[in-house]
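Enquirer: Here you go, one structure.
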Amino acid sequence: MGLFSGLSEKLNHIFSKLTARGKLTELEIKQAMREIRIALLEADVNLSVVKDFISRVSQQAVGEKIMNSLTPGQQVIKIVNEEMIALMGSTNSALEVAPKPPTVIMMCGLQGAGKTTMCGKLAAMLKKQGKKPLLVAGDIYRPAAINQLQVVGKSVGVEVYEHGVQKPYKTALEALKVAEKKGLDTVIIDTAGRLHINDELMKELEDVKREIKPTEILLTVDAMTGQDAVTVATTFNDRLDISGVILTKLDGDTRGGAALSIKAVTGKPIKFCGTGEKMGDIEAFHPERMASRILGMGDVLTLIEKAQNAVTEEEMQKLEKKFKESNFTLDDFLTQFDNISKMGDLSQLISMMPGLGRNIKISEKDIDEKRIARFKAIIQSMTMYEREHPEIIKSSRRKRIAAGSGTTIQDVNQLLKQFEQSKDMMRAMKGGKRMPFRR
Amino acid sequence: MGFFSKLKESLKKTKEAISYKLNKLFTGGVLNDEFYDELEMIMLTADIGASATETILEQLREVVDEKHIRKAEDVRTELRRIMVEILEENPCPEYEYPLIIVVAGVNGVGKTTAIGKLAKRFKQQKKSVTIVAGDTFRAAASDQLTVWAERAGVRIVKHTEGADPGAVVYDAVMSAKSKKTDVLLVDTAGRLHNKKNLMKELEKISGIIGREMPEAMHLNYIVLDATTGQNALSQVDIFNEAIDIDGIILTKLDGTAKGGVVLAIASQLQIPVVYVGVGEGIDDLEEFEAENFIDAIVS
Ligand SMILES: Nc1nc2c(ncn2[C@@H]2O[C@H](COP(=O)(O)OP(=O)(O)O)[C@@H](O)[C@H]2O)c(=O)[nH]1
Ligand SMILES: [Mg+2]
């Protein structure tokens, strides 16, 4: 019926080969894992992380009984999803607080990762929580980096300490004294972006760490990072023993596989995400959201759940049988519309699929709930006989039905046409494929 | 020594080791799956992406079959040829003056830095250059660009923060016309590609240039960070919808990322890589060399 076609296409593509019920076989899993491997690679999860992950999931999936409520495809997605969430860790993103103030947060990362902006966001967030932050300008290399931090600090109403171009650890030490004197309880140190292979600059960070002993060392990583995320994160972690990770630019359309890679190789928690240009655009990290995003499915799982609750197993079996016997009637069509309505606000469901906005092939008319309501009214205005023998609905009956349902003849024509199309589609499927909302 | 020549030097040293490694993967003179797996791994790790990698390897298998290739080193040569061809298929633009280059891209990829480096480059070729501070969005963006203008020794046209970038560009174009400036380099706000406003802003800038200075050669370059993975495809795709992208500047190649995604971009979107950024210094910009770039990947 075109509904959710973009999404189901993707699912079908991955799982059309998996039809058997009962237990998942090794061959089926192998086929599915190949597709999942590609999906993860296209999402920029690091190759070796993908390999590890796939072998873990396969082991778990072999012999797993398919739950009554799920298709094999959904079952595999469920396992993959759960494993991914487990790997990415908890939502616990609380910042450590130093036993004796000030708490010191040191930022680090590659050039252009978004450290300075993130400093501002953290300051704004902490301020809102009643803390008294101080920003410290430690990027002495990039032109106007200090000005940038000052502008950012001003916009969130947080003081900025800077001391021009001198060794960053010196500026940081001075800042600690300033914080103490002014009773500021959290010091956030911005640092210059640097390549992990630049030994001299990595030493500079080690110096800051040794002198300041920060409470938190947060590695800021661009969510769009590719395979190299692993090398970068490993090196920073090896040299600085970071305490956590921040992912930036998640408001883009990236699938963000770097999140999985980084967590896998460092074991350090991902604490926050940057989700926009404004200083308030910072969120705690949610492994579930990240997992469905990496899988490129938005909240498919929520969707599957909703579909399950809306349609009972018997209803589904009855419909499927009718599909196969190809005596699917307008009355059954009505049941289907009912099921769709039960699933709730469709446009909201669609919007739960982040990143799909551009790719999804759902046209406006597919999600037009008014249209579905109209179709329901039309079928309800038909006699039982008409519903079972739509071929007899000629012009006078159409007129009557339109009048009875408060619609137009065009609407009635449209419904009948769509019904015929659906039947054609079913015939084409030769009873092999499952219905869209198969439990 | 330049980046690519340094690269060539260091590659010479590793070359033998590689051939040995690949040759070991031959069993009885037949290329086994393990051999292709190894190649696949090399390519995927370079961010070429699953689908482009598959296409390239398919092509490679065909050629290897056809030509009855039996030596690992020969396979590598073929693979290298296929990839170089993909990159060289789309020629870089030949500059004519007056020239206006609009530099676009997402946040933090290195647009402003690239403009500074380009300015120096054109200046060295005895062109008169003006930098245009079209990023009126990011905090202290025009301060940063001003430093680069000073370093390169070129003029800069800027307004205050939050000003309309269209107005800055208009002013710059007007003064370029009266001063007979050879090259205008337009910096733009780095914002994520899925933001409608930015795309409108770029369309507007492009429109102003086309209308006010139709006689100038107008090019749009997108800056991509070599560290970026498959999302780079989407970046180019969407920017390309707003303004026709004529070329890519691939930055941060001095790190450990290989930037292989440009292969996928070149084959899918027919856009050439024009320059590479290889550091934060003003001279760290080089013309793209497909052969050396590929050598750095298949090594
Ligand atoms: N290592 C390295 N860093 C670069 C390169 N190009 C730019 N950068 C750095 O990347 C950061 C962001 O650059 P910037 O020009 O401000 O990016 P924009 O936001 O796109 O204008 C700065 O710290 C630059 O110094 C490059 O080729 N190599
Ligand atoms: Mg900039």
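The values are calculated or read from the model by the stated rules, or taken from the named source; none is laboratory data. Small disclaimer: the values here were computed from a predicted structure and weren't measured. Counting neighbours? That spans all protein chains shown, and the Cβs are built from the backbone with ideal geometry, glycine included.
Enquirer: Determine which member of the set B:Ile115, B:Ile100 is within 15 Å of ligand 2 (Cβ to nearest atom) and either under 30 Å from B:Asp237 (Cβ atoms) or not in a loop (DSSP other than H, G, I, E, B) (or both).
Expert: B:Ile115
Enquirer: Criterion first (surrounded by fewer than 23 Cβ atoms within 10 Å (Cβ to Cβ) and over 22 Å from A:Leu195 (Cα atoms)) does A:Lys278 satisfy it?
Expert: yes
Enquirer: Still on this structure, I have one more. Could you say whether any residue in the stretch A:355-365 is surrounded by 13 or more Cβ atoms within 10 Å (Cβ to Cβ), modelled with pLDDT of 90 or more and of a type in the set (A, V, I, L, M, F, W, C)?
Expert: No - not one qualifying residue is present in the stretch A:355-365.
Enquirer: I'd like the residue in the stretch A:252-275 that is of a type in the set (Val, Ile, Thr) and more than 13 Å from chain B (Cβ to nearest Cβ) and, out of all such residues, is surrounded by the most Cβ atoms within 10 Å (Cβ to Cβ).
Expert: Once the filter is applied, the top-ranked residue is A:Ile270.
Enquirer: Something else about it: With respect to the numbered conditions (1) within 16 Å of ligand 2 (Cβ to nearest atom); (2) closer than 27 Å to B:Glu241 by Cα; (3) in a strand (DSSP E or B), which one is the sole condition not fulfilled by B:Leu184?
Expert: Condition not satisfied by B:Leu184: (1).
Enquirer: A further question follows. Out of B:Gly190, B:Gly207, which single residue is under 30 Å from A:Ala113 (Cα atoms) and either touching a residue at least 12 places away in the same chain (Cβ under 8 Å) or away from ligand 1 (no atom under 16 Å from the Cβ) (or both)?
Expert: After ruling out the rest, the residue left standing is B:Gly190.
Enquirer: Okay, moving on. Give just the number: which of (1) within 11 Å of chain B (Cβ to nearest Cβ); (2) at pLDDT 95 or above does A:Ala179 not satisfy?
Expert: So A:Ala179 meets the others, but not (1).
Enquirer: Taking the stretch B:256-277 as the search range and keeping residues that are within 11 Å of chain A (Cβ to nearest Cβ) and in a loop (DSSP other than H, G, I, E, B), which one is surrounded by the fewest Cβ atoms within 10 Å (Cβ to Cβ)?
Expert: Filtering first and then ranking leaves B:Thr256.
Enquirer: Among residues belonging to the stretch B:187-227 that are among the hydroxyl-bearing types (Ser, Thr, Tyr) and either part of a helix (DSSP H, G or I) or within 16 Å of ligand 2 (Cβ to nearest atom) (or both), point out the one that is surrounded by the fewest Cβ atoms within 10 Å (Cβ to Cβ).
Expert: Within the stretch B:187-227, the match that is surrounded by the fewest Cβ atoms within 10 Å (Cβ to Cβ) is B:Ser206.
Enquirer: Determine whether the stretch B:172-181 contains at least one residue that is within 14 Å of ligand 2 (Cβ to nearest atom) and either surrounded by fewer than 19 Cβ atoms within 10 Å (Cβ to Cβ) or over 23 Å from A:Ala113 (Cα atoms) (or both).
Expert: No, every residue in the stretch B:172-181 fails to be within 14 Å of ligand 2 (Cβ to nearest atom) and either surrounded by fewer than 19 Cβ atoms within 10 Å (Cβ to Cβ) or over 23 Å from A:Ala113 (Cα atoms) (or both).
Enquirer: Being more than 16 Å from ligand 1 (Cβ to nearest atom) and part of a helix (DSSP H, G or I) is the filter here; which residues of the stretch A:118-140 pass it?
Expert: A:Lys121, A:Leu122, A:Ala123, A:Ala124, A:Met125, A:Leu126, A:Lys127, A:Lys128
Enquirer: Going through the stretch B:37-73 one residue at a time, which ones are assigned to a loop (DSSP other than H, G, I, E, B) and either at pLDDT 95 or above or under 21 Å from A:Thr254 (Cβ atoms) (or both)?
Expert: Hits for the stretch B:37-73 are B:Ala46, B:Asp47, B:Ile48, B:Gly49.
Enquirer: Looking only at the stretch B:137-154, count every residue that is more than 10 Å from ligand 2 (Cβ to nearest atom) and among the polar types (S, T, N, Q) and tell me the total.
Expert: So the count comes out to 1.
Enquirer: Pull up the stretch B:240-255, narrow it to residues that are more than 11 Å from ligand 1 (Cβ to nearest atom) and not acidic (Asp, Glu), then point me to the one that is farthest from the other protein chains (Cβ to nearest Cβ).
Expert: B:Gly247
Enquirer: Report, by residue number, each residue of the stretch A:108-160 that is among the basic types (Lys, Arg) and within 12 Å of chain B (Cβ to nearest Cβ).
Expert: Passing the criteria: A:Lys115, A:Arg142, A:Lys154.
Enquirer: Count, please, the residues in the stretch A:170-184 that happen to be crowded, with 18+ Cβ neighbours inside 10 Å and either within 17 Å of B:Asp143 (Cα to Cα) or in contact with a Lys or Arg (Cβ under 8 Å, 6 or more places away or on another chain) (or both).
Expert: 1
Enquirer: Pick from B:Val169, B:Val106, B:Val173: which is within 20 Å of B:Ile205 (Cβ to Cβ), touching a residue at least 40 places away in the same chain (Cβ under 8 Å) and within 14 Å of ligand 1 (Cβ to nearest atom)?
Expert: Only one candidate passes the filter, namely B:Val106.
Enquirer: Going by the conditions given, is B:Thr130 touching a residue at least 40 places away in the same chain (Cβ under 8 Å) and away from ligand 1 (no atom under 16 Å from the Cβ)?
Expert: Yes, satisfied.
Enquirer: So A:Leu218 fits all but one of (1) within 16 Å of A:Ala113 (Cα to Cα); (2) within 14 Å of chain B (Cβ to nearest Cβ); what number is the exception?
Expert: Tallying (1) within 16 Å of A:Ala113 (Cα to Cα); (2) within 14 Å of chain B (Cβ to nearest Cβ), A:Leu218 fails exactly one: (2).
Enquirer: Next question. Of the residues that make up the stretch A:195-203, is at least one of a type outside the set (Gly, Ala, Ser) and either in contact with a strand residue (DSSP E or B) (Cβ under 8 Å, 6 or more places away or on another chain) or in the same structural domain as A:Ala39 (by TED's automatic domain parsing) (or both)?
Expert: no
Enquirer: Ok, one more. Only one of these is modelled with pLDDT of 90 or more, of a type outside the set (A, V, I, L, M, F, W, C) and exposed (fewer than 15 other Cβ atoms within 10 Å of the Cβ): A:Gln421, A:Gln410. Name it.
Expert: A:Gln410
Enquirer: Go through (1) within 15 Å of ligand 1 (Cβ to nearest atom); (2) touching a helix residue (DSSP H, G or I) at 6+ places or on another chain (Cβ under 8 Å) for B:Gln235 and report which single condition fails.
Expert: (2)
Enquirer: Continuing with this model, one more query. Can we say B:Leu285 is within 16 Å of ligand 2 (Cβ to nearest atom) and outside the structural domain of B:Glu78 (by TED's automatic domain parsing)?
Expert: The answer is yes for B:Leu285.
Enquirer: Also, I was wondering about something else. Taking A:Ile188 and the conditions (1) more than 14 Å from chain B (Cβ to nearest Cβ); (2) over 25 Å from A:Lys263 (Cβ atoms), which numbered condition does it fall short on, given that it satisfies the others?
Expert: (2)
Enquirer: Turning to a different aspect of this structure: Just for the stretch B:145-181: of the residues that are of a type in the set (Asp, Glu) and not in a helix (DSSP H, G or I), which one is modelled with the lowest pLDDT?
Expert: Step by step, filter the stretch B:145-181, then rank; the result is B:Glu161.
Enquirer: Scan B:Arg151, B:Arg80 and give me the residue that is surrounded by fewer than 20 Cβ atoms within 10 Å (Cβ to Cβ), within 13 Å of ligand 1 (Cβ to nearest atom) and in contact (Cβ under 8 Å) with a residue 24 or more places away in the chain.
Expert: Going through B:Arg151, B:Arg80 in turn, just one is surrounded by fewer than 20 Cβ atoms within 10 Å (Cβ to Cβ), within 13 Å of ligand 1 (Cβ to nearest atom) and in contact (Cβ under 8 Å) with a residue 24 or more places away in the chain: B:Arg151.
Enquirer: Still on this model: Does the stretch B:233-244 contain any residue that is among the aromatic types (Phe, Trp, Tyr) and not in a helix (DSSP H, G or I)?
Expert: no
Enquirer: Given B:Leu145, B:Leu185, B:Leu118, B:Leu202, which one is in contact (Cβ under 8 Å) with a residue 12 or more places away in the chain, within 14 Å of chain A (Cβ to nearest Cβ) and within 16 Å of ligand 1 (Cβ to nearest atom)?
Expert: Matching residue, one of B:Leu145, B:Leu185, B:Leu118, B:Leu202: B:Leu145.
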